[in-house]
Structure formats: C-alpha cells, structure tokens
Amino acid sequence: MAHTNRFIAGVDLRSQENNRAHRTEEIDRKRLIVRRGQAFSLTVHLFHPLQSGHELALVLKQDKTNDDIVIRQRTAGGSGDKWWLHQQSARNELLLTVYSPARAAVGEYRLAVELMSGNRLLERTEFTKMYLLFNPWCKDDAVYFPDERLLEEYIMNENGRIFRGSADYMSGMPWNFGQFEDNVMDICFEILDRFKPARSDPPNYMRQRWDPVYISRAVVAMVNANDDGGVLVGKWQEPYTGGVQPTKWMSSVPILEKWSKSKSGVKYGQCWVFAAVACTVLRCLGIPTRCITNFESAHDTDGNLSIDRVYNIHRENYDHADSIWNFHCWIESYMQREDLPEGYGGWQVLDPTPQERSSGMFRCGPCPLKAIKEGDLNVKFDVPFVFAEVNADIINWEIRPDGQRKQLSSSSAKVGRNISTKSPYSNEREDITHQYKYQEGSAKEREVYNKAGRRISGPDGEEESKPANEPGKVQLEIKHAKPVFGTDFDVIFELENMGDEEVSCKLNMMSEAVTYSSVHLGWCQNSTVNVVIPAHKVHRETVRLLYTKYASVVSEHNIIRVTGVARVSGQEKSILEMVNIPLSKPKLSIKVPGWVILNRKITTVITFTNPLPVPLNRGVFTVEGAGLLPTKEIRISGSIAPGQRVSVELSFTPMRAGVREFLVDFDSDRLQDVKGVATLVVRKTSPSYSSMMPNIFG
C-alpha cells in the first residue's frame, strides 16, 4: 500500500472541542482558534506505532518572520515563556497537549507535525492554519481581567449601547459590534497586517505583536483612514456625498466588510462609529474593551487646559481651534502597562477619532485612567489631551462694539460631565465620571488641576489674574421641556434680580443649529428685549421656536443651541447662559410573532408613523442583527404623508442561538436616525411545552 513507509496518517485539530474550551466557537467551529497561555489538544493518527528514537514535534510559521517555532515534548512541564507539548500514546493515536506562552504573538499561524529521528526529518504533514488570540481569562496574560463575570460583557457581548445626546438628555443607541460574525476575525488580522510598521519593518513589528499596548495603539491608528489606508473616513457635517451618513450605521460589521473588500477608507464616520469599530476589533482579538461617552467634551488644541468661547451680539461667526463637543466617544481597554511604573495598569483610554497626532499618526492612547485622575501628564500616552477633554476650564468672552474682547465668565465644572458606558448587567447607563476625576469643586479636584498646570489665557494669549465668575445681582437661567423634532416648543429665559433695587436690562436671545461637535450651521430665531426687573423679582421671556424656522438648518443630530446674553445697566460685565437642546425622535415598532428557533424562518413587522407636518420622501429601513441576518435595506416607494403609518414585513432565518438584538434604522429626506430594537431569544429547538409565553422584547 502507498503508506507502507509512512507513519502519520493525519492530524485532527479538534477544532470544535478546543474552540469551545477557549470561548471562540462563536467565531468558527471548523478552524482552530485558541487563546494564548491556555492548553489545546491535537490528535495525531498513525499508520504504525512509532519506533524507538522517533520523536514528534510541531512547527509553527507566521508571515513576516523567517523564524520557525519548533515545539517539542517536555515530560516535566515547560517554561511559561516557551511553547511546549505533552504527548500521550493510545494504540495508533497520539494525543498532543500544546501549551502556548502567555506572551505569544497573536495572529494567524501555519502548523505542521514533524516526525524526527535524531536530527533527520522523516515526515512532515501539510501546513494547516490556526489562530491565536489574547486571553483575558489567563492570569499570566497582560490583558488578564480579574472579574471573569464581566468578560461576558467586555469580550463576549456582540450587542451594546453607545450613549449620545447631551449631558441633560442622554440616550443609548443600540449597536451591533458583531465581533464573532463571519470573516470579522480575518479582517481584524488584516487591519494589523496593513499597519505601516508591519509593512516597513516586519521583524520588529512581529517582535511586538504580543504586546496589547502596541497592538491597541496600532488598531486605533488603523480604524481612521487619515494614515495608511485605514478603515473609516471622518466627516462631521453634510453633505455626505459618495458615502453613508454616519448616523445611519448600526453595526461595525458592514464597515469592516466594505473596507476589506475595497481596501480603501469607508465613508463616513463620526466619533461613536470610530469607537464602535475599534471596540469590535479589540474584543475580537481578545482585549477587554468598552465604549465610553464624555458629555461636554473639550478639544484643547493649544494645551493650556482652557477652552475659549467668543460671543458677538452682531451674530458674526468666529472660528476657534478649541471647542466643546456635546459629547465625544472613545473606548477603554483593559491591560497591564509593563512600559510604565507600577500602578498604571487597568482601564486605558484609546481614541481612534482623528483629532491630534500621537507619534506621527492620528491616534490617542493607551492612556491610564489613573494618570488622568491624578493629573500625571508625563505618563504615556497622550494624557494631557485626554485630561483636558474631561477637565478643561471654559472661559467665555464677549466682543464689544468697539472691538475689544472682555471676559464674561469662567467655569471649572461644565466640562467632562456624566462620563458613561453601558452597564455590564443591563442596557442601562453606568456613570464612571468618578474614575476620571475627583468630585467637581472639591479641594482634591482643584489640587489635581493645579498639579496639571492650570493656566487661563484669553484668545490673544493675555493672562487673566483670576476667573471672572463673581455672581452679580442679576442671574440668568434658560429653561425648556424635552422637545420633539417636528414640533414648535417654548424656551424660557428667566432673569432674577437678587438686589434691593430695580434694574434695567437688555436681553439678547439667540438660537442656532449646531453639529454635535459645536460647528455652527445656521441661525434659527433671534430677538432682543429691554426689560425692567423689580427688586427681588423674576422676569420671564418666552420664545417659541418654530419647526418652520429650525427644520432647514439643523443637522441629522437635531441640536439647537440657545444662548442668552443680558446686559444690566450699571453692571460692567454681561451675563451669559447657554444650553444645547437635542430634539427627540419617534420610535419604531418591531413585532416578532411566535417562537424564534435556530435555522427556522421567522417574519418581523416593522411600523413607522410620520410625526412631521410635512411629507417624507426617499424613505428606507435598514435592518441587521448579529447572528440573525446581514445588513439589508427596504426602500419605501412614494411619499409618506403627515401622520401616515407605514408597515413592512421582513422574513429571515436566525443563524446562531442565544440572546440576539434585531436593529432597525429609518431615514428619509427630512427625518433621519430613527432607531428601533427588539431583543430575541433564539432557541436551538422548539419548547416541549406550551405554557410558556413567546420571547419577544420590542
């Protein structure tokens, strides 16, 4: 027979068994995907028992390196920093238990079994692929996470919530991370291989492929397309010609698939999209990661820890590099920092949104939360920038009719509010502001700020001796309900005279449409009144903001900024107050009748009612869900009249069991970013009893 002189009949990678033990079976059950620092098993089938002097070994190869890894048997256990194997014989089979070091390079390997006799190679099998990931369950891995229960969220959960809106009106947007969807792991490794150092200096790159600090830094650089053909092209206001409006995305998967297919940046992303895609990649690679939202987020370009805002009663626009974003999203990843003194391990801020360069590339982090909270600005990486995002003081300036700039007020408590992430126990918001800074206004908070180098400057660099925030006799407050997009709503300007004499006051009331990143888009309504306020009394001015006035200027984020400037007779400095008002949107209705069974077709019904006083055109539903179905669009023909209800049916076959989220987005010419979500429990088989209620949560 042909195998008379051969010993090795074949190798069973035992992929399904290994992948289950390594928590990778959601990625693939056919390919071998294991986590470093944890043993896995192979079975070698033999034609004949091995002879005396014969020895089996495994050979591993990785692209970009010429150094083979030869894994040999050790009877007394191996070193924790070396590959080794243990061998057991059973008739014409050999069971190989393979041990990988917890510092092994992650990525794709090619594996073969060799039969040696001394130094002579007798046989070698064909090379087959295996994949190695980080292991947060392994105590020796630099990404080890001490509370295993939370890894169900920070590694295993494909569904999430990303918080947007304003500090006073926060809402969680459903997101499909999809880190275990088909081809996503391969795309993640493709991202690492496309990183510029991987192409310019492969040997040095491969020597650092074990390090989560290096890998996470590479990922956030590659998620934006500003350097080296990364994944996403950023754009912060219309038009979004030639691409997808950022608010339409609900999942990282179509973005990654489109990038892998086109090999060019996908258009378009904004901060939460960049953060979500990076979260998908890092969770897939095995690094615990969560999405973070910082409300009232400062972008301090000159590093002076203050944000200068200039106001002009003549409505002239002033462009300044510094800005306050309604919210800004980044990610945190959990890892040890062997490159830093002890104590800086744990959660690290990483930001793929292209704002500033770090070591020549648009990226930020990893930056230890401890360094941010303690004001340790000399710690790697990019601590000064992140510290300012959550701690900068705001200095408000007014340009007087004679052209002179006058400081109106300052605030040390309006930046870095309600820092949020999804709870690991539910879809609710978890406030983690205390992990970034001490209580606002406390002595410790000011001590840290001063340690970080407080320096308040005017727009032209002039130093101020002290903040101009002493309370005057007249106080201004702006109040409003939670308005709905498409309706008229009232904004109330309240002036309170706390003095013993009546005062005269000129009140400018301005409203403008802005992007969530504070870019001015256009004015809505503006008015000025002269009022007299008796002593110890409150005067109220009500402005009704009309849909017909704001509809044509608001962005897809539907944010209106209302500003009041009061000039009190006999008082040198004007009083300024500003609020950002996000306009809420309608909800979609999603119904899934009956039980949801794996590999059995179900039909969903999606319903939307037009809440606007005008018709909607070019309506389109976009649906998707990890383990349920790939992204699909359903277009609506014709117009949707005011108040008209539209229903569509969609059938699909669930592909993976477990708790799944079915996501829906509706967009049209006049109304975008309308979201809906239904949670489904996909069962492997039908229930055997009928007393249970169907499992739909819409």
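The values are calculated or read from the model by the stated rules, or taken from the named source; none is laboratory data. In this text the structure is predicted, and so the values were computed from the model without any measurement. We place every Cβ from the backbone using ideal geometry, glycine too, and count neighbours over all the protein chains shown.
This table checks each residue for (1) more than 39 Å from the chain's Cα centre (by Cα); (2) closer than 24 Å to residue 412 by Cβ; (3) modelled with pLDDT under 90.
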{"position": "450", "(1), (2), (3)": "no, yes, yes"}
{"position": "467", "(1), (2), (3)": "no, yes, yes"}
{"position": "478", "(1), (2), (3)": "no, yes, no"}
{"position": "492", "(1), (2), (3)": "no, no, no"}
{"position": "503", "(1), (2), (3)": "yes, no, no"}
{"position": "540", "(1), (2), (3)": "yes, no, no"}
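Among the candidates 664, 592, the residue that is more than 16 Å from residue 176 (Cα to Cα), in contact (Cβ under 8 Å) with a residue 24 or more places away in the chain and either touching a Gly at 6+ places or on another chain (Cβ under 9 Å) or surrounded by 12 or more Cβ atoms within 10 Å (Cβ to Cβ) (or both) is uniquely 592.
Those helices (runs of 4 or more DSSP H) of segment 185-298 in which 2 or more residues are modelled with pLDDT of 95 or more and under 23 Å from residue 137 (Cα atoms) occupy 212-223, 271-285.
Do any strands (runs of 3 or more DSSP E) lying entirely in segment 305-396 carry at least 2 residues that are modelled with pLDDT under 95, and which ones are they?
On the way: elements: 306-311, 323-335, 346-351, 364-368.
It comes to 306-311, 323-335.
What about residue 43, is it at negative phi, within 30 Å of the chain's Cα centre (by Cα) and either crowded, with 18+ Cβ neighbours inside 10 Å or modelled with pLDDT of 95 or more (or both)? First the steps, then the outcome.
Values: at negative phi: yes; within 30 Å of the chain's Cα centre (by Cα): no; either crowded, with 18+ Cβ neighbours inside 10 Å or modelled with pLDDT of 95 or more (or both): yes.
The answer is no for residue 43.
Taking the condition at pLDDT below 95, buried (at least 18 other Cβ atoms within 10 Å of the Cβ) and not aromatic (Phe, Trp, Tyr), does residue 576 pass? Lay out the reasoning, then the answer.
Working: at pLDDT below 95: yes; buried (at least 18 other Cβ atoms within 10 Å of the Cβ): yes; not aromatic (Phe, Trp, Tyr): yes.
Yes; evaluated as a whole, the condition is true for this residue.
Quick one: in segment 215-270, which of the residues that are closer than 19 Å to residue 173 by Cβ and among the hydroxyl-bearing types (Ser, Thr, Tyr) is surrounded by the most Cβ atoms within 10 Å (Cβ to Cβ)? That would be 252.
Taken over segment 502-524, the criterion of being surrounded by fewer than 19 Cβ atoms within 10 Å (Cβ to Cβ) and either in contact with a helix residue (DSSP H, G or I) (Cβ under 7 Å, 6 or more places away or on another chain) or over 16 Å from residue 561 (Cα atoms) (or both) is satisfied by 502, 504, 506.
Only one entry in 190, 181, 158 is over 27 Å from residue 344 (Cβ atoms), surrounded by 21 or more Cβ atoms within 10 Å (Cβ to Cβ) and more than 17 Å from the chain's Cα centre (by Cα), namely 181.
Name the single residue, out of those in segment 418-448 being of a type in the set (Lys, Arg) and under 19 Å from residue 305 (Cβ atoms), that is modelled with the lowest pLDDT. It would help to see each step written out before you state the result.
To start, the set of residues in segment 418-448 that are of a type in the set (Lys, Arg) comprises 422, 429, 437, 444, 446.
Still in the list and also under 19 Å from residue 305 (Cβ atoms): 437, 444, 446.
Working: 437: 96, 444: 93, 446: 86.
So, considering only residues that are of a type in the set (Lys, Arg) and under 19 Å from residue 305 (Cβ atoms), the one modelled with the lowest pLDDT is 446.
Would you confirm whether or not segment 573-588 contains a residue that is among the acidic types (Asp, Glu) and farther than 28 Å from residue 521 by Cα?
If we filter segment 573-588 for residues that are among the acidic types (Asp, Glu), which is where we start, we get 577.
Within this subset, residues satisfying the condition of being farther than 28 Å from residue 521 by Cα are none.
No: zero hits.
Report whether or not residue 113 is outside the structural domain of residue 278 (by TED's automatic domain parsing), over 28 Å from residue 259 (Cβ atoms) and crowded, with 18+ Cβ neighbours inside 10 Å. Yes, satisfied.
Being in contact (Cβ under 8 Å) with a residue 60 or more places away in the chain, surrounded by fewer than 14 Cβ atoms within 10 Å (Cβ to Cβ), more than 20 Å from residue 324 (Cβ to Cβ) and not assigned by TED's automatic domain parsing to the domain that holds residue 398 is the requirement here; does residue 527 meet it?
Numbers: in contact (Cβ under 8 Å) with a residue 60 or more places away in the chain: no; surrounded by fewer than 14 Cβ atoms within 10 Å (Cβ to Cβ): yes; more than 20 Å from residue 324 (Cβ to Cβ): yes; not assigned by TED's automatic domain parsing to the domain that holds residue 398: yes.
No, not satisfied.
Give segment 667-677 a look and list any residue that's buried (at least 23 other Cβ atoms within 10 Å of the Cβ) and outside any loop (DSSP other than H, G, I, E, B), or say none.
Taking segment 667-677 first, the residues buried (at least 23 other Cβ atoms within 10 Å of the Cβ) are 671, 677.
Hit for segment 667-677 is 677, nothing else.
Checking every residue in segment 156-174 against the condition of being polar (S, T, N, Q), in a loop (DSSP other than H, G, I, E, B) and under 30 Å from residue 414 (Cβ atoms) gives at least one match. Could we say that residue 651 is in a loop (DSSP other than H, G, I, E, B) and of a type in the set (Ser, Thr, Tyr) here? So residue 651 does not fit the description; no. Taking segment 475-501 as the range and being of a type in the set (A, V, I, L, M, F, W, C) and either surrounded by fewer than 19 Cβ atoms within 10 Å (Cβ to Cβ) or within 21 Å of residue 165 (Cα to Cα) (or both) as the test, the residues that pass are 478, 481, 484, 485, 489, 491, 492, 498.
Of all the criteria given as (1) surrounded by fewer than 20 Cβ atoms within 10 Å (Cβ to Cβ); (2) of a type outside the set (A, V, I, L, M); (3) assigned to a strand (DSSP E or B), the one not satisfied by residue 139 is (3).
Output the residue which, of all residues in segment 89-110 that are in a strand (DSSP E or B) and modelled with pLDDT under 90, is nearest to residue 197 (Cα to Cα). Please lay out each step first, then the result.
Looking only at segment 89-110, we keep the residues that are in a strand (DSSP E or B), and these are 89-90, 93-99, 107-110.
Those still in the list that are modelled with pLDDT under 90 too: 89-90.
Working: 89: 44, 90: 46 Å.
Once the filter is applied, the top-ranked residue is 89.
Exactly one residue among 631, 685, 622 is hydroxyl-bearing (Ser, Thr, Tyr), out of contact with any strand residue (DSSP E or B) (no Cβ under 6 Å at 6 or more places or on another chain) and not assigned by TED's automatic domain parsing to the domain that holds residue 510, and that residue is 685.
So, residue 514, is that one under 26 Å from the mean Cα position of the chain (by Cα) and under 30 Å from residue 621 (Cβ atoms) or not? Here the answer is yes, as residue 514 does meet what is asked. A search for C-beta distances below 8 Å between a residue of segment 629-651 that is touching a residue at least 60 places away in the same chain (Cβ under 8 Å) and any residue that is surrounded by 11 or more Cβ atoms within 10 Å (Cβ to Cβ) and among the charged types (D, E, K, R), counting only pairs 6+ apart in sequence or on different chains, returns 630/624; 631/624. Among residues of segment 377-389 that are at positive phi, those with a Cβ under 9 angstrom from a residue that is outside any loop (DSSP other than H, G, I, E, B) and crowded, with 22+ Cβ neighbours inside 10 Å, sequence gap 6+ or separate chain, pair up as 382/349; 382/351; 382/364; 382/365; 382/366; 382/367. Within segment 116-136, can you find the residues that are within 39 Å of the chain's Cα centre (by Cα), surrounded by fewer than 17 Cβ atoms within 10 Å (Cβ to Cβ) and assigned to a loop (DSSP other than H, G, I, E, B)? 127 - this is the single residue of segment 116-136 that is within 39 Å of the chain's Cα centre (by Cα), surrounded by fewer than 17 Cβ atoms within 10 Å (Cβ to Cβ) and assigned to a loop (DSSP other than H, G, I, E, B).
In this structure, does residue 108 turn out to be surrounded by 14 or more Cβ atoms within 10 Å (Cβ to Cβ), farther than 23 Å from residue 138 by Cα and of a type in the set (Asp, Glu)? Outline the logic, then answer.
On the way: surrounded by 14 or more Cβ atoms within 10 Å (Cβ to Cβ): yes; farther than 23 Å from residue 138 by Cα: no; of a type in the set (Asp, Glu): yes.
For residue 108, the condition - surrounded by 14 or more Cβ atoms within 10 Å (Cβ to Cβ), farther than 23 Å from residue 138 by Cα and of a type in the set (Asp, Glu) - is not met.
From the list 653, 685, the lone residue that is at pLDDT below 95, of a type in the set (S, T, N, Q) and surrounded by fewer than 14 Cβ atoms within 10 Å (Cβ to Cβ) is 685. Contact map, segment 458-487: residues that are polar (S, T, N, Q) paired with residues that are modelled with pLDDT under 90 and in a strand (DSSP E or B), Cβ distance under 6 Å, separation 6+ or inter-chain. Pairs shown: 469/409; 469/410.
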